[in-house]
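The values are calculated or read from the model by the stated rules, or taken from the named source; none is laboratory data. Since the model is a prediction, treat every value here as computed from it, not as a measurement. No Cβ is skipped: glycine too gets one built from the backbone with ideal geometry, and neighbour counts run over all protein chains shown.
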Amino acid sequence: MDRFVFNTAKSIRFGTGTFDELAELVGAQVGDRIMLVTDPGMMATGMVERALKQFRDGGITVELFKDVEADPPEHVVLGAVAAARSAGVEGIVGLGGGSSLDVAKLVALLAPGTETLADVYGVGKARGPRLPLILVPTTAGTGSEVTPISIVTTGASEKMGVVSPVLLPDVALLDPALTYGLPPHITAATGIDAMVHAIEAFASASPNNNPLSRMLATQALTLMGRSLLKAVHDGKDVEARSDMLLGSMLAGQAFANSPVAAVHALAYPLGGHFHIPHGLSNALVLPHVLRFNIVTTPGPYATLAPFVFPELSAFEGQERAAAFCEKLADLSRACGLPQNLRAMEIPRDILPKLASDAMNQTRLLVNNPRPLSEADALSIYRAAF
């Protein structure tokens, strides 16, 4: 067996009602002066006020940073870091979707002042130390609560990653009840995003693709395969919401250690140029990237197929892998997601620019099971158009 490294959050708390234990957890593990990092959408849900009341009742002073944007640009990260330093906080709590959690990680890393954002872009550049960090996801998609990754928009459209085990939180607190209010289209897009994490982790060409990640990926896909449509069509289905949140976390643990590949590399330019939500960007290119990959590497996808779609066990090899691609496309359609780039009003003449930008995602492309050129990327975008 090849050598590998597997890192994850120090502690994971999962279960309905765990959100009500947040202040107690903060008091015991962080301190009495914290920053809560969130976004304007979360402010409208009442969850932030629930957290603030807990903190007030527990004698915890809170610096609230509520200005996180989707695909957070550098100025948002730097603004939050400046506010944390000015307030002299002892630790960070992130509450929300992937963008809020990503910003919270970077605030915890950069607030001590030993590193700058420009210094830590890339893999393994961030060294720490960081402030204590607790992450509370409110969507079942990114898995950011258990990943050592933060994605930042640099310039007008480019995205860069900070990747380091230092970003893994001290506690990931997952309460399925926080996801009950997610509208169907967000449930669908974030759910497909989580499934992409598991699929790409399992098939990754990374030298660190490992048995633990593959095991977590198959369990994640089993949970999400049986529950995504239920969660989309009945947001109050407690079992489906729990399956999706746990599945998302397991997929996050998987790809945190066996990194994702071309689906994400081609999705990032869509978000950067057109501000398409990340999960939807993944969904738009997923079947087309997989159809490209199975030409030379059908094995991982044939293995995964029955975990998501048990009926595909009747097929074998290349036929099963091809059927997997089509069933994933059908699932996206059944979830009510847009099915092509035209539906997102993306002009055809920008496809070469998207392909060129995708090639900058070398951190991801090296993990694709089939080598992918700029011409291949353009062909995939054309197929998705």
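Scanning region 53-101 for residues that are in a helix (DSSP H, G or I), of a type in the set (G, A, S), touching a residue at least 40 places away in the same chain (Cβ under 8 Å) and surrounded by fewer than 20 Cβ atoms within 10 Å (Cβ to Cβ) returns A83, A87. Those helices (runs of 4 or more DSSP H) of region 246-333 in which at least 1 residues are in contact (Cβ under 8 Å) with a residue 24 or more places away in the chain, in contact with a helix residue (DSSP H, G or I) (Cβ under 8 Å, 6 or more places away or on another chain) and closer than 16 Å to A220 by Cα, considering only elements entirely within it, cover 299-308. Of everything in region 19-52, what is hydrophobic (A, V, I, L, M, F, W, C) and part of a loop (DSSP other than H, G, I, E, B)? Give them in sequence order. Correct list: V30, A44.
Scanning region 154-183 for residues that are more than 15 Å from the chain's Cα centre (by Cα) and under 30 Å from L365 (Cβ atoms) yields T154, G155, A156, S157, E158, S164, P165, V166. Within region 168-195, if we keep just the residues that are among the aliphatic types (A, V, I, L, M) and assigned to a loop (DSSP other than H, G, I, E, B), the residue that is farthest from D237 (Cα to Cα) turns out to be L168. Checked against (1) in contact with a Leu (Cβ under 8 Å, 6 or more places away or on another chain); (2) closer than 27 Å to V162 by Cα, L52 passes all but condition (2). Might you let me know whether region 121-128 holds any residue that is surrounded by 24 or more Cβ atoms within 10 Å (Cβ to Cβ) and closer than 20 Å to V366 by Cα? No, that holds for no residue. Evaluate region 63-71: report whether one residue or more is within 30 Å of L212 (Cα to Cα), at pLDDT below 95 and of a type outside the set (G, A, S). There is at least one residue in region 63-71 that is within 30 Å of L212 (Cα to Cα), at pLDDT below 95 and of a type outside the set (G, A, S). Annotation: T18 fulfils all but one of (1) closer than 19 Å to L174 by Cβ; (2) polar (S, T, N, Q); (3) surrounded by fewer than 16 Cβ atoms within 10 Å (Cβ to Cβ); the unmet one is (3). None of A231, A177, A188 is more than 23 Å from L106 (Cβ to Cβ) and either among the basic types (K, R) or in contact with a Cys (Cβ under 7 Å, 6 or more places away or on another chain) (or both) except A188. In summary, G141 fulfils each of the numbered conditions (1) farther than 19 Å from H75 by Cα; (2) modelled with pLDDT under 95; (3) surrounded by fewer than 24 Cβ atoms within 10 Å (Cβ to Cβ); (4) of a type outside the set (S, T, Y) with the single exception of condition (3). For region 1-8, does any single residue satisfy the condition of being aromatic (F, W, Y) and assigned to a loop (DSSP other than H, G, I, E, B)? Within region 1-8 (the criterion being aromatic (F, W, Y) and assigned to a loop (DSSP other than H, G, I, E, B)), the answer is yes, since at least one residue qualifies.
L109 passes every criterion in (1) buried (at least 22 other Cβ atoms within 10 Å of the Cβ); (2) in a loop (DSSP other than H, G, I, E, B); (3) of a type outside the set (D, E, K, R) apart from (2). If you check L328, L290, L286, which single one turns out to be within 20 Å of V232 (Cβ to Cβ), touching a Cys at 6+ places or on another chain (Cβ under 9 Å) and buried (at least 22 other Cβ atoms within 10 Å of the Cβ)? Testing whether each residue is within 20 Å of V232 (Cβ to Cβ), touching a Cys at 6+ places or on another chain (Cβ under 9 Å) and buried (at least 22 other Cβ atoms within 10 Å of the Cβ) leaves just L286. Taking region 29-42 as the range and being out of contact with any helix residue (DSSP H, G or I) (no Cβ under 8 Å at 6 or more places or on another chain) and either loosely packed, with under 15 Cβ neighbours inside 10 Å or within 30 Å of G272 (Cα to Cα) (or both) as the test, the residues that pass are D32, P40, G41.
Residues that are over 20 Å from G191 (Cα atoms) and among the polar types (S, T, N, Q) within region 128-167 comprise T153, T154, S157, S164, listed in sequence order.
Within region 107-128, if we keep just the residues that are small (G, A, S) and within 20 Å of K159 (Cβ to Cβ), the residue that is farthest from the chain's Cα centre (by Cα) turns out to be A118. Residues of region 197-245 that are within 26 Å of V366 (Cβ to Cβ), of a type in the set (G, A, S) and touching a helix residue (DSSP H, G or I) at 6+ places or on another chain (Cβ under 9 Å): A198, A201, A203, S204, S206, S213, A217, A220.
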